[in-house]
Amino acid sequence: MAKEITEREDNYSLWYNNLVVKSGLAENSAVRGCMVIKPYGYAIWEKMQAQLDKMFKESGHSNAYFPLFIPKSFLSKEAEHIDGFAKECAVVTHHRLMSNPDGSGVVVDPDAKLEEELIVRPTSETIIWSSYKNWIKSYRDLPLLLNQWANVVRWEMRTRLFLRTTEFLWQEGHTAHATRQEAIEEAEMMVHLYEEFAKEYMALPVVVGRKSAGERFAGAVDTYSIEALMQDGKALQAGTSHFLGQNFAKAFDVQFTTKEGKLEYVWATSWGVSTRLMGALVMAHSDNNGLVLPPKLAPIHVVMVPIFKGEEELKRVVEKMEILKLELKERGVVAKIDDRDNLRSGFKFAEWELKGVPVRVVLGPKDLQNGTVEIARRDTLTKEQRVFEGVEEYIPQLLDEIQKSIYNKALSYREANSYSVDDYATFKEKVEEGGFIYAHWDGTAETEEQIKIETKATIRCIPMEDKVEEGRCIYSGKPSQGRVIFAKAY
RNA sequence: CGGGGUGUGGCGCAGUUGGCUAGCGCACCUGCUUUGGGAGCAGGGGGUCCUCCGUUCGAGUCGGAGUACCCCGACCA
């Protein structure tokens, strides 16, 4: 069933229409591949932001903000870094417009050409490290643990809603440390923080691992990531954390004096997650009726739909709902009463299901008489009749139950679509079917590349809890020490 | 950047060999009846048919150029 969903164009819009306007500003090439995030979609992002921000601060980080524009010369200081991003940069060359001499609109004023072009940040390592140079002089200034919430622009050849938009919102952490060991620990801690966030809040099971050299971030010594499996069998990199070694410190000449009075380069990390997480959330859980949101990230937990004939009845039902709404509020549950009188209840049910609201409460005249209420779950689409008394206690429990249930469903899907494979023929078969494929790899870039060319599968990661297991490379037959995860990726 | 496709009210589309006043469904507005799984009837509003150039008595329809978007590859969080 899951495969049908993502292959059907109308389901794509079924899932996304409540959250964003897809490439809404046509006729303007400058907004190619961008998206307008609607209030309901943005509310989900805000909930993610709030939780992540809290977790960052609890682990000792602070927020800061750096400029959107990066002088071209900054970007070119780290060789690998610029290699990785040069092909996808938006460049500002002028700072003024003027009326077109022929009277038709405005044109770029040729006199307003910038001496040095500015790059719209594709990521902020360079501009941040040019500041760190001035901020870090002594071991007492370390570690420096900063994060920034920002937008970035990457002019990708091909865009895809949520997963690869030209402009996207994200957070990027940039830390500086006195020792190699401490920086590695930071990078690992952050990838595990992302793992916890995905599991606990997004109800999304992820695999934590290390990237192969070929998949590593431009300028990193080591890249860690969380990898999730979507319902169509494709893998999605949902967050990354990089150990940058001393590459940026050397490129920007950031040295500090140690306790012993020696001059040393600092060690760095960077890590980030983006609005891609919203894509992951949607693609991992949603069904043919629309979005399925985990309660911990749902902007609205409970929607209450009144059943009524005439204004009098509506008033009586809504009165009771208002009381329940307040009782739920005290328990941290956000409820919405849908008292629109121009729509039938069936329409409302369908509409709120599209939006993924976890719990629906239906109350009508019969319930008022019998002291009952109908409670429906979005994740299982089941309904139950309950005694009204005590629902304010029941609903928070139900929300917890739904959160767990969504996670477990996603987990069993992943487990049902994870395979250990030992021969290349089966490997190719499984790649076609989709899912995570655990296989032995000889560790060479050549093999990785050949497999990619032949099957389109890439090494998603080398899992962290790598059990040492003797084996032979699926492709070359050379000895291997453990399995890595292959999959087709977005 | 290669290959394919599509541009017609807010959304989804029809309009087939050029022809009369450019249609349909959904949405929207008004009224009445409805409301326990996407309501019914009646009335109403809303269009530079992507742009420019050309062919023609006449172009949504034919030709050329441009442009935007979508899908598939290479690239990527």
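Considering only A:T269, A:S124, A:G219, and ranking their Cα positions along the charge dipole of chain A that arises from unit charges at the beta-carbon of Lys, Arg, Asp and Glu, the one farthest toward the positive end is A:S124. Each of A:T382, A:L398, A:S420 was placed along the dipole of region A:351-420 (beta-carbon charges, centred on the mean Cα), and the one lying farthest toward the positive end is A:S420. Of the trypsin sites (Lys or Arg not before Pro) in region A:145-188, the ones in a loop by DSSP (not H, G, I, E or B) with at most 10 other beta carbons within 10 Å are A:R158.
Around A:P479, under 12 Å between beta carbons, what's the net of Lys plus Arg minus Asp minus Glu among the other residues? With Lys, Arg at +1 and Asp, Glu at -1, the neighbours total -1.
Here region A:296-412 carries DSSP beta bridges of which approximately 55% are antiparallel, counting only pairs with both residues inside. Mind grabbing the accessible area of A:I395 for me, 1.4 Å probe, Å², rounded to tens? Answer for A:I395: close to 0 Å² accessible.
Rounded to the nearest 5, the antiparallel percentage of DSSP beta bridges internal to chain A is 85%.
For region A:86-99, putting each phi into the Karplus relation 6.51 cos²θ - 1.76 cosθ + 1.60 with θ = phi - 60° gives couplings of 3, 6, 9, 9, 8, 10, 8, 10, 9, 10, 7, 10, 8, 5 Hz, in residue order, rounded to whole numbers and with x for Gly and Pro.
Work out the length of the dipole vector of chain A about its Cα centre, built from +1 on the beta-carbon of each Lys and Arg and -1 on the beta-carbon of each Asp and Glu, and round it to the nearest 20 debye. Display every interim value, and only then the final one.
Working: 63 positive and 74 negative charges, 77 e Å.
The dipole magnitude comes to about 380 debye.
Total lysine pairs in region A:250-332 at Cα distances under 23 Å, for residues eight or more apart or on different chains: 9. Restriction of the chymotrypsin sites (Phe, Trp or Tyr not before Pro) in region A:94-157 to DSSP coil positions whose beta-carbon has at most 15 other beta-carbons within 10 angstrom yields no sites. The charge dipole of region A:115-218, taken about the Cα centre with unit charges on the Cβ atoms of Lys, Arg (+1) and Asp, Glu (-1), comes to about 220 debye, rounded to the nearest 20. Of the GluC sites (Glu not before Pro) found in region A:389-490, the ones in coil according to DSSP and having at most 16 other Cβ atoms within 10 Å of their Cβ are A:E389, A:E465, A:E469, A:E470. Rolling a 1.4 Å probe over the protein heavy atoms leaves A:L169 with an accessible area of roughly 40 Å². Over chain A, the ratio between the Cα radius of gyration and 2.2 N^0.38 Å evaluates to 1.12. In region A:37-185, what percentage of the DSSP-assigned beta bridges are antiparallel, given to the nearest 5? Around 90 percent of the beta bridges assigned by DSSP in region A:37-185 are antiparallel ones. What you get for region A:225-281, charging only the Cβ of Lys and Arg (+1) and of Asp and Glu (-1), is a dipole of about 40 debye around the Cα centre.
For q = 0.13, 0.17 Å⁻¹, what log10 I(q)/I(0) does region A:306-390 give under the Debye formula with an equal point scatterer on each alpha carbon and no solvent? With one equal scatterer per Cα and no solvent, log10 I(q)/I(0) is -0.40, -0.71. Both radii are taken from the alpha-carbon atoms of region A:299-442; with Rh as the Kirkwood radius, Rg/Rh is 1.22.
Please give the calculated 222 nm ellipticity per residue for chain A, where each DSSP H segment of at least 4 residues contributes -39500 (n - 2.57) and the sum is spread over every residue; nearest 500 deg cm²/dmol?
Numbers: 15 runs with 177 residues, N = 490.
Per the formula, -11000 deg cm²/dmol.
Does region A:344-423 come out rounded, prolate or oblate, given a ≥ b ≥ c as the square roots of the eigenvalues of its C-alpha gyration tensor, rounded meaning a/c under 1.5 and, failing that, prolate meaning a/b above b/c? Taking the square roots of the gyration eigenvalues as a ≥ b ≥ c, region A:344-423 is prolate.
The values are calculated or read from the model by the stated rules, or taken from the named source; none is laboratory data. In this text, all values refer to a predicted model and were calculated from it rather than measured experimentally. Because the Cβ atoms are built from the backbone with ideal geometry, glycine has one as well, and the counts that use them run over all protein chains shown. The protein model used for the area step is the full one, side chains on, heavy atoms only, and it has no ligands, DNA or RNA in it. Shrake-Rupley method; radii C 1.70, N 1.55, O 1.52, S 1.80 Å.
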